[in-house]
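Trainee: My questions will all concern the structure given below.
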Amino acid sequence: MDSETEVKLRDLRLELAEICLEARIDKIGALSNAPTGDALAAIYNTNLRQLPMSKFDQAVAERCHRMLTMEHDPVRKACAYLALSLFMYSYRIERSFELIDVPKEIVATMVRALLGLPHFFEKVGARRQALTHLSKATEEIHKAARVIDEINFQRNVLNGFLDGFILTPVYCEDVSLHDIIVKRAELIQLHLKIAGLLHEHVPVWPSQLPGQLRIGILSPSAQSEMAAIRGHLIGLSKKHFNITAFVPDAAADILSRGLDDLADALISLPADDIAEAAAMIIREDLDVLICAANITNICTFPWTQLMAQRLARLQVVMHTSPVTSGFDTVDLYINGVLNEPEDAEADYTEQLALVEGSSNHYHFIDGAVEPQSLTRSDLGLPDTGIVFVSGANAFKIGPDLLNAWTDILGAVKDSHMVLYPFNPTWAAHYPQRKSFVKFLHDRFTAAGIDIGRLHLLEPQSSRAPILGLLKLADIYLDSFPYSGAVSIIDPLLCGCPPVVLSGETARCRQSAALLREIDLGVMITESRDDYVAVAVRLSSDTSLRDEISQAVEEMTDRAGLGRSDFIGGEVGELIWQAFENQLNRSI
């Protein structure tokens, strides 16, 4: 955002806040439902709330606080809350009114305001606070949508929820997200029902187990997801399984490339017409429908709305969805034994089926990629000193992780750190990038680390430059609590010793699961302090680092990571067994 745009947006925000403070419901409603979109939500979608407030902003925010504290009329309180939510995120605002008190004209905007979260958190504990807020808000939205028997109010609440709910910023908390995901799932299904999009299809089960199962795959939407579904399904018996891949019409040519050698047939779906897409899948009379993309985040994602319906006899998700789907229409969740804690079943609404070892198997479309030849000077690095590197995505980098990194750099003098956090497969663009970079610099400065020791790599069009960086780096620092998944493969392929912290939930155990599977458990730590200590020790012991690097190369090569470590045979057995069990129950 340039300075001129920022000034215009700040002025617009002040105008919108004044309208809200005047409690002009008709005007707020018109702004919220304008043909060009919700004007308040447009401000929410900028990064203004993560920029310092001007003196004019502070004056308006103080008026909002006074009205929230002193006003008795719940409608005026709600309007003041909307005004204040233009300046700060709702998880930081005390609220003394209920959603059911909000007029239907502005309730969709109120729901969006309640659900809005920053892309990153600057203070330790803020992410947990935001998750607590999001859980309570989702529970209240769930109650309001079901209790208030007025169709326009219901529809507006649900529209606001589908637009505003996003879990990415709080995925990183290492706690069960089961309850919030289940309520999310029920709200999505209620939306589909009210919108007339929910099919009442009841698949007919055969009288006996067929000789071959017809599988449909809802295609991945990201390069990493493509590598994951290939790693899971390559090796599936062609004798026992016939595969049809469904790809969105707008990206059919791009995605079909990764599915050509996997699928027996490809069908293009109209992703912007959920009813027709669902009808097309139903007409295929599938035994099994597998979703190969993450359906636990954005509610408007077409594959999410398709998996919320019963379209096949058995419906399956895998670890590309990092938590349970919550849908009663999804029957099976496939993961790895090493990925899950002992009491994992309680976190899933699906039957949990586990392959031996880990589920972190990836088969890249392009096969082996030759690392680009790079020198330290190419990356702006000095000729000497330890080089730490991490490919953790920006949303995984919180203050707790940064504190560990700055502790490491503080203990290892003259070391440098290279990050490539803006992975284009996670997001096409990062609207809060400028604020995020400032956040990084502020944390380094506060820790007494020269920001010249931090290097940010721009998004790359291929893995070759990343592999080149990892070839010359000394130590890879995995993210925590939310660990790497496909991102840990590249440092292993390059023999770059990884330091990993194992968590409790599956999404926080991915890197550790893979390392245990290939006998590199020595690189796994169990606490934040151990994580720092191992990184510091490796940096000071050249012979140990070389020994670990050699072991990483040997174990990675032996496991065939990214090339031949597919698990289609094991996955096929789990799917076949689950189908047979469901068939027996249907008879």
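Trainee: Only one of 321, 325 is in a loop (DSSP other than H, G, I, E, B), of a type in the set (Gly, Ala, Ser) and in contact with a strand residue (DSSP E or B) (Cβ under 6 Å, 6 or more places away or on another chain). Can you tell me which?
Mentor: Working: 321 fails: in contact with a strand residue (DSSP E or B) (Cβ under 6 Å, 6 or more places away or on another chain).
Result of the check over 321, 325: 325.
Trainee: Here's another thing I want to ask about it. Say whether the condition of being in contact with a Ser or Thr (Cβ under 7 Å, 6 or more places away or on another chain), over 24 Å from residue 344 (Cα atoms) and outside any loop (DSSP other than H, G, I, E, B) is met by at least one residue in region 506-528.
Mentor: Checking region 506-528: not a single residue is in contact with a Ser or Thr (Cβ under 7 Å, 6 or more places away or on another chain), over 24 Å from residue 344 (Cα atoms) and outside any loop (DSSP other than H, G, I, E, B).
Trainee: Give just the number: which of (1) closer than 22 Å to residue 283 by Cα; (2) in a loop (DSSP other than H, G, I, E, B) does residue 341 not satisfy?
Mentor: (1)
Trainee: Another question, if that's okay. Considering each of 434, 438, 471, 413 in turn, give the residue that is part of a loop (DSSP other than H, G, I, E, B) and either basic (Lys, Arg) or surrounded by fewer than 14 Cβ atoms within 10 Å (Cβ to Cβ) (or both). Break it down into steps so the answer makes sense when it comes.
Mentor: Values: 434 fails: part of a loop (DSSP other than H, G, I, E, B); 438 fails: part of a loop (DSSP other than H, G, I, E, B); 471 fails: part of a loop (DSSP other than H, G, I, E, B).
On inspection, the qualifying residue turns out to be 413.
Trainee: Identify the single condition in (1) touching a strand residue (DSSP E or B) at 6+ places or on another chain (Cβ under 8 Å); (2) farther than 20 Å from residue 532 by Cβ; (3) among the small types (Gly, Ala, Ser) that residue 452 does not satisfy, given that it satisfies every other one.
Mentor: Condition (1) is where residue 452 drops out.
Trainee: Right, residue 516: more than 28 Å from residue 289 (Cβ to Cβ) and at pLDDT below 95 or not? Even if it seems obvious, please write down each step before you answer.
Mentor: Values: more than 28 Å from residue 289 (Cβ to Cβ): yes; at pLDDT below 95: no.
Judged against the criteria, residue 516 is not a match.
Rundown of residues vs (1) among the hydrophobic types (A, V, I, L, M, F, W, C); (2) surrounded by fewer than 17 Cβ atoms within 10 Å (Cβ to Cβ), yes/no style:
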{"site": "30", "(1), (2)": "yes, yes"}
{"site": "36", "(1), (2)": "no, yes"}
{"site": "49", "(1), (2)": "no, no"}
{"site": "58", "(1), (2)": "no, yes"}
{"site": "66", "(1), (2)": "no, yes"}
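Trainee: Just to be sure I understand the filter: pairs with C-beta atoms under 6 Å, separated by 6 or more residues or on different chains, first member in region 13-30 and outside any helix (DSSP H, G or I), second member not β-branched (Val, Ile, Thr). Which pairs pass?
Mentor: Cβ pairs passing all conditions: 23/76; 23/79.
Trainee: Let me ask another. For region 88-102, which residues satisfy the criterion of being farther than 17 Å from residue 126 by Cα and either hydrophobic (A, V, I, L, M, F, W, C) or modelled with pLDDT of 95 or more (or both)?
Mentor: 97, 99, 100, 102
Trainee: Taking the stated definitions as given, is residue 577 among the polar types (S, T, N, Q) and outside the structural domain of residue 390 (by TED's automatic domain parsing)? Break it down stepwise before answering.
Mentor: Numbers: among the polar types (S, T, N, Q): yes; outside the structural domain of residue 390 (by TED's automatic domain parsing): yes.
The answer is yes for residue 577.
Trainee: Could you say which residue among 66, 95 is outside any loop (DSSP other than H, G, I, E, B), without any contact (Cβ under 8 Å) to a residue 60 or more places away in the chain, among the basic types (Lys, Arg) and outside the structural domain of residue 300 (by TED's automatic domain parsing)?
Mentor: None of the other options fit; the residue is 66.
Trainee: Which one of the conditions (1) out of contact with any strand residue (DSSP E or B) (no Cβ under 7 Å at 6 or more places or on another chain); (2) under 14 Å from residue 454 (Cα atoms); (3) in contact (Cβ under 8 Å) with a residue 60 or more places away in the chain does residue 380 fail to meet, given that it meets all the rest?
Mentor: Residue 380 satisfies all of (1) out of contact with any strand residue (DSSP E or B) (no Cβ under 7 Å at 6 or more places or on another chain); (2) under 14 Å from residue 454 (Cα atoms); (3) in contact (Cβ under 8 Å) with a residue 60 or more places away in the chain except (1).
Trainee: Further, regarding this structure: Tell me, yes or no, whether region 377-386 has at least one residue that is under 19 Å from residue 464 (Cβ atoms) and touching a Cys at 6+ places or on another chain (Cβ under 7 Å).
Mentor: Looking through region 377-386, none of the residues is under 19 Å from residue 464 (Cβ atoms) and touching a Cys at 6+ places or on another chain (Cβ under 7 Å).
Trainee: Also: Given the residues 404, 392, which is the only one that is out of contact with any His (no Cβ under 8 Å at 6 or more places or on another chain), of a type in the set (A, V, I, L, M, F, W, C), outside any helix (DSSP H, G or I) and in contact (Cβ under 8 Å) with a residue 40 or more places away in the chain?
Mentor: The conditions single out 392.
Trainee: Which one of the conditions (1) out of contact with any helix residue (DSSP H, G or I) (no Cβ under 9 Å at 6 or more places or on another chain); (2) under 25 Å from residue 213 (Cβ atoms) does residue 366 fail to meet, given that it meets all the rest?
Mentor: Exception for residue 366: condition (2).
Trainee: Got at least one residue in region 71-88 being crowded, with 21+ Cβ neighbours inside 10 Å and in contact with a His (Cβ under 9 Å, 6 or more places away or on another chain)?
Mentor: yes
Trainee: A further question on this structure: Confirm whether residue 445 is assigned to a loop (DSSP other than H, G, I, E, B) and either buried (at least 17 other Cβ atoms within 10 Å of the Cβ) or of a type in the set (Val, Ile, Thr) (or both).
Mentor: Answer is no for this residue.
Trainee: Follow-up. Within region 534-556, track down each residue that is hydroxyl-bearing (Ser, Thr, Tyr), surrounded by fewer than 20 Cβ atoms within 10 Å (Cβ to Cβ) and either touching a Leu at 6+ places or on another chain (Cβ under 6 Å) or more than 16 Å from residue 515 (Cβ to Cβ) (or both).
Mentor: The answer is 540, 542, 543.
Trainee: Sort out which residues of region 198-231 are buried (at least 16 other Cβ atoms within 10 Å of the Cβ) and among the charged types (D, E, K, R), and write them in order of number.
Mentor: Correct list: 214, 225, 230.
Trainee: It is to be established whether one or more residues within region 449-460 are small (Gly, Ala, Ser), without any contact (Cβ under 8 Å) to a residue 40 or more places away in the chain and not in a loop (DSSP other than H, G, I, E, B).
Mentor: Checked region 449-460: at least one residue is small (Gly, Ala, Ser), without any contact (Cβ under 8 Å) to a residue 40 or more places away in the chain and not in a loop (DSSP other than H, G, I, E, B).
Trainee: Among the numbered criteria (1) surrounded by 13 or more Cβ atoms within 10 Å (Cβ to Cβ); (2) in contact (Cβ under 8 Å) with a residue 60 or more places away in the chain; (3) among the hydrophobic types (A, V, I, L, M, F, W, C), which one does residue 587 miss?
Mentor: Going through the list (1) surrounded by 13 or more Cβ atoms within 10 Å (Cβ to Cβ); (2) in contact (Cβ under 8 Å) with a residue 60 or more places away in the chain; (3) among the hydrophobic types (A, V, I, L, M, F, W, C), residue 587 breaks only (1).
Trainee: Taking the conditions exactly as written (among the polar types (S, T, N, Q), over 22 Å from residue 370 (Cβ atoms) and either part of a helix (DSSP H, G or I) or touching a strand residue (DSSP E or B) at 6+ places or on another chain (Cβ under 7 Å) (or both)), does residue 543 satisfy them or not?
Mentor: Numbers: among the polar types (S, T, N, Q): yes; over 22 Å from residue 370 (Cβ atoms): yes; either part of a helix (DSSP H, G or I) or touching a strand residue (DSSP E or B) at 6+ places or on another chain (Cβ under 7 Å) (or both): yes.
Yes.
Trainee: Same structure, new question: What is the number of the single condition among (1) surrounded by fewer than 17 Cβ atoms within 10 Å (Cβ to Cβ); (2) modelled with pLDDT under 95 that residue 489 does not meet?
Mentor: If we test residue 489 against (1) surrounded by fewer than 17 Cβ atoms within 10 Å (Cβ to Cβ); (2) modelled with pLDDT under 95, just (1) comes out false.
The values are calculated or read from the model by the stated rules, or taken from the named source; none is laboratory data. Bear in mind that the values here come from a model prediction, so they are computed numbers and not experimental data. Ideal geometry is used to build each Cβ from the backbone, glycine not excepted, and the neighbour counts take in all protein chains shown.
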